[in-house]
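Novice: The following block contains the structure, expressed as structure tokens.
The values are calculated or read from the model by the stated rules, or taken from the named source; none is laboratory data. Treat the numbers as computed from the prediction; the structure is a model and nothing was measured. Don't worry about glycine lacking a Cβ; one is built from the backbone with ideal geometry, like all the others, and counts go over all protein chains shown. Side chains are part of the model used for accessible areas, which takes the heavy atoms of the whole protein and leaves out ligands, DNA and RNA. Shrake-Rupley method; radii C 1.70, N 1.55, O 1.52, S 1.80 Å.
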Amino acid sequence: MKKYLLAATMVALVSTALVSCGDDEKDMPKLTSSAISFENVLEPKDFVESGTFVGMGDDKVMAPVVLPGQSISFTFHAGKGQALMFATMYGASKDWFFAPENPGIQLYKNDGTPMTGDVSSQIKLWDNGTKVGMTDEKENANIMMVPGVDASKLMKLELGYTAGSSEFKLTITNTSGGSTNATPFSPGVWAVSNVFNGKLLNDMPFIKLVKSRMQKLRLLHKWVTTLF
């Protein structure tokens, strides 16, 4: 991981009084000083904030999933240049999941104003490459987009923003009901990418976030899919 050295120098005046009881000038307290340098070596993290989200299911499906017609929301803080990455599994599949492309959802426009409103066009549906189609047969393929499926028709993303606190709110709505790809959304994970000197420290968070946490998502997903 990249390391950036942030050096700060402090000058500390260390006073030592040599006290004597005489009246002569030579017996006056003497002041000495020395310079002390402090260096802080920081190792920035790829993500400055992260979390999870779960749905509530319903009376028939008692599981932490987002069913068609339902929504979930979470809040996070982000400055200019930062991006939001998240992933949630397509509940009706073996290893499909929703996530934006690298480096994540753009949170600010080119003029520096925050993005708000419908950002569904930034969501994609991916095949994790661990199962063959909808079967349990294992495979070891690269992650790739699922062909022929418009993810923005299955999931609606809306960004809200609170001025003064740099706080965003993402609302995820399951709009897959009534389509040939109707599906619940499994519990998901999200993270906000870090920046340094105006540039993302990791402009490829997609692989790291998904691969590092996919095992946890798969375990949740395996349990969830037993309910359908």
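Novice: Can you name the residue in region 44-90 that is part of a strand (DSSP E or B), open to solvent by 50 Å² or more (accessible area, probe 1.4 Å) and at pLDDT 90 or above and is also nearest to SER179 (Cα to Cα) among such residues?
Specialist: Per the criteria, the residue is SER71.
Novice: Give the residue that is nearest to LYS94 (Cα to Cα), with candidates limited to residues of region 127-151 that are in contact with a strand residue (DSSP E or B) (Cβ under 6 Å, 6 or more places away or on another chain) and at pLDDT 90 or above.
Specialist: The residue in question is VAL146.
Novice: Being surrounded by 16 or more Cβ atoms within 10 Å (Cβ to Cβ) and in contact with a Lys or Arg (Cβ under 6 Å, 6 or more places away or on another chain) is the filter; apply it to region 136-174 and report the residue that is farthest from ALA78 (Cα to Cα).
Specialist: ALA151
Novice: Consider region 94-104. How many of its residues are more than 11 Å from TRP126 (Cα to Cα) and either surrounded by fewer than 23 Cβ atoms within 10 Å (Cβ to Cβ) or acidic (Asp, Glu) (or both)?
Specialist: Total meeting the criteria: 3.
Novice: Hand me the list of strands (runs of 3 or more DSSP E) wholly inside region 93-192 holding 1 or more residues that are without any contact (Cβ under 8 Å) to a residue 40 or more places away in the chain.
Specialist: Fully inside region 93-192 and qualifying: 123-127, 155-162.
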